[in-house]
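First the structure, in the form of structure tokens, and then the observations on it.
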Amino acid sequence: PLLRGVLRLRWPVVAGALVFVVVCGWAASRMGAEFIPQLDEGDVSIGAIRPPGTGVEQAVSMQKHLNLAIKALPEVDFVFARNGTADVATDLMSPGRADIYVQFKPRAQWPYPKKPKAQLLEEVETAAKNVPGTAFEFSQPIQMRMNELISGVRSDVAVKVFGDDFGELLRLSEDIQRVLARVPGADSPKVEQVSGLPLLTVESRRTELARYGLSVADVQDAISAALGGKQTGLIYEGDARYPLVVRLAERLRTDPDVLARLPLARAAGEYVPLAEVAGIKTTEGPNQISRDNGKRRVVVMSNVRGRDLAGFVAEARNRIEREVKLPPGYYVEYGGTFEQLASASKRLSLLVPLALLLILGLLFMTFGSVRDAVLVFSGVPLALTGGVLALLLRGIPLSITAGVGFITLSGVAVLTGVVMVSAIRDLVRDGVPLERAITDGALLRLRPILMIGLVASLGFLPMALNTGTGAEVQRPLATVVIGGIISATLLTLLVLPALYRLANSDRRRDDSAPVDSAV
């Protein structure tokens, strides 16, 4: 009775399915997107950024206090850090930077095992920020390295400001940082450390140098020997030879008053204090100057929490264009994980239509009829809408793994249509009237179609409900496949018979398909 009612109301059924596809397509366009779902690695990685020029001894002392502050949390099992660049300089860092790795105890050993992970991260962040003189970047070990390898920065979003004047770049970057801080989902946006390096500047006065018979090279040689050292001999220990280098003590090298009394030897054998022929002052200089394709740039970095990456970047882009006025010759580019999302989306925009065309071509080769191939192919949009609806119900944004799920679903969805259309074609070929052939064919293939849907959906069910490590990547793919198979199965049983009846409304009883079924 249900199938007969569907065949009688075939136009409303088909129109309702079309409306459902359109609504789900509109909802998909409004969904958020991200490159790869963020994994919960269990541990936390903290990037500590100290003021430029921080010495090794001071950095180690500050790191000890920071480790003790984090280790005081009862959920923390172990804390270790790496200051500066390693012996093999594959990861360039100054002594003022450090990578801190925080390992947590098993949840069963926590004082409150049901404490949310987000709350624990806030407690770690509070404990770390109680140590003064340090800025922090919170991430996860694998996530931090992946972001750095993919885009050159350790954050999800990187706003790169390009231009010529370094001061203007820094001003624009600070304006963009303030704008990003007001965007919902921004996690402590910051400008990369590009200034503030303390410099001891010695400016020679050429008139005084000429009066004493000295040159700028004499000043440079004296300062180089006092600060960097000068080899005065060799020390022999057996066959080994070691250079003997003399220079000022550490406490004297950083004292401008001591350097002002540094003697410069004249040709007559007399000495002149450095202060007589040069000015000595302490200034601040650039900590680093970075370039992309030969163009100076400064990066504003931010991680994203609590929302999708594409939505965050879209809102940030609109606010930056509206609130930050860029002078002529200055421009902004967006990098980080978002850059890879845009690249992957571009590739999928080519791969998905190609996969659909291949499926349509295989269907035509199977049935030898464009009409029947298109009828079976109609199950693909019905299946895709089910995948979109499943993502919406679970609150999962679109991602690359979800895109792979849609490609997989496109191949599985046509299987039920092939089974049903093949049965209907066989009955019509045997001389059964069209409407009876549609009804009998649908009833005959009911169990195989349900078995196909159950096997595929139940096979992906553990992935959809998994909560272990890596579940964040598996969940979108499994959710898309399960939701799409459910919708494809239900709508194939109801919508495909109505579509077949509409497509063959002018077909007589003896217009049977001459091509054998592929099933």
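Okay, here's what the table says:
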{"item": "Matching residues in segment 358-377 - criterion: being crowded, with 22+ Cβ neighbours inside 10 Å and either outside any helix (DSSP H, G or I) or of a type in the set (A, V, I, L, M) (or both)", "result": "Leu363, Ala373, Leu375, Val376"}
{"item": "Matching residues in segment 378-398 - criterion: being open to solvent by 40 Å² or more (accessible area, probe 1.4 Å) and not in a helix (DSSP H, G or I)", "result": "Gly395, Leu398"}
{"item": "The listed residue being of a type outside the set (Val, Ile, Thr), closer than 23 Å to Val19 by Cβ and in contact (Cβ under 8 Å) with a residue 12 or more places away in the chain, out of Leu499, Leu434", "result": "Leu499"}
{"item": "Odd one out for Leu363, checked against (1) modelled with pLDDT of 80 or more; (2) of a type outside the set (Phe, Trp, Tyr); (3) touching an Asp or Glu at 6+ places or on another chain (Cβ under 9 Å); (4) within 30 Å of Val298 (Cβ to Cβ)", "result": "(4)"}
{"item": "Segment 466-491, subset over 24 Å from the mean Cα position of the chain (by Cα) and surrounded by fewer than 22 Cβ atoms within 10 Å (Cβ to Cβ), residue modelled with the highest pLDDT", "result": "Ile486"}
{"item": "Matching option when the condition is within 30 Å of Tyr500 (Cα to Cα) and modelled with pLDDT under 80, among Val14, Val56", "result": "Val14"}
{"item": "Some residue of segment 134-157 being in contact with a His (Cβ under 7 Å, 6 or more places away or on another chain) and at pLDDT below 80", "result": "no"}
{"item": "Residue that is under 26 Å from the mean Cα position of the chain (by Cα) and not small (Gly, Ala, Ser), where the choices are Leu382, Leu341", "result": "Leu341"}
{"item": "Positions within segment 399-419 being farther than 22 Å from Leu357 by Cβ and either at pLDDT below 80 or outside any helix (DSSP H, G or I) (or both), in sequence order", "result": "Ser399"}
{"item": "Test: Ala464 is aliphatic (A, V, I, L, M), over 18 Å from Thr408 (Cα atoms) and assigned to a helix (DSSP H, G or I)", "result": "no"}
{"item": "Helices (runs of 4 or more DSSP H) lying entirely in segment 203-320 (those with 2 or more residues that are open to solvent by less than 30 Å² (accessible area, probe 1.4 Å))", "result": "216-223, 256-260, 274-277"}
{"item": "Count of segment 300-351 residues which are under 27 Å from Gly403 (Cβ atoms), touching a residue at least 12 places away in the same chain (Cβ under 8 Å) and in contact with a strand residue (DSSP E or B) (Cβ under 9 Å, 6 or more places away or on another chain)", "result": "23"}
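Results for (1) open to solvent by 60 Å² or more (accessible area, probe 1.4 Å); (2) in contact with a strand residue (DSSP E or B) (Cβ under 6 Å, 6 or more places away or on another chain); (3) small (Gly, Ala, Ser), shown as yes or no for each residue.
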{"position": "Ser410", "(1), (2), (3)": "no, no, yes"}
{"position": "Val419", "(1), (2), (3)": "no, no, no"}
{"position": "Leu427", "(1), (2), (3)": "no, no, no"}
{"position": "Asp430", "(1), (2), (3)": "yes, no, no"}
{"position": "Glu435", "(1), (2), (3)": "yes, no, no"}
{"position": "Leu454", "(1), (2), (3)": "yes, no, no"}
{"position": "Ala464", "(1), (2), (3)": "no, no, yes"}
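The values are calculated or read from the model by the stated rules, or taken from the named source; none is laboratory data. These figures come from a predicted structure and were not determined experimentally. Methodologically, a virtual Cβ is constructed for each residue, glycine included, from the backbone with ideal geometry; neighbour enumeration extends over all protein chains shown. Protein only, heavy atoms only, side chains kept; ligands, DNA and RNA dropped before computing areas. Shrake-Rupley method; radii C 1.70, N 1.55, O 1.52, S 1.80 Å.
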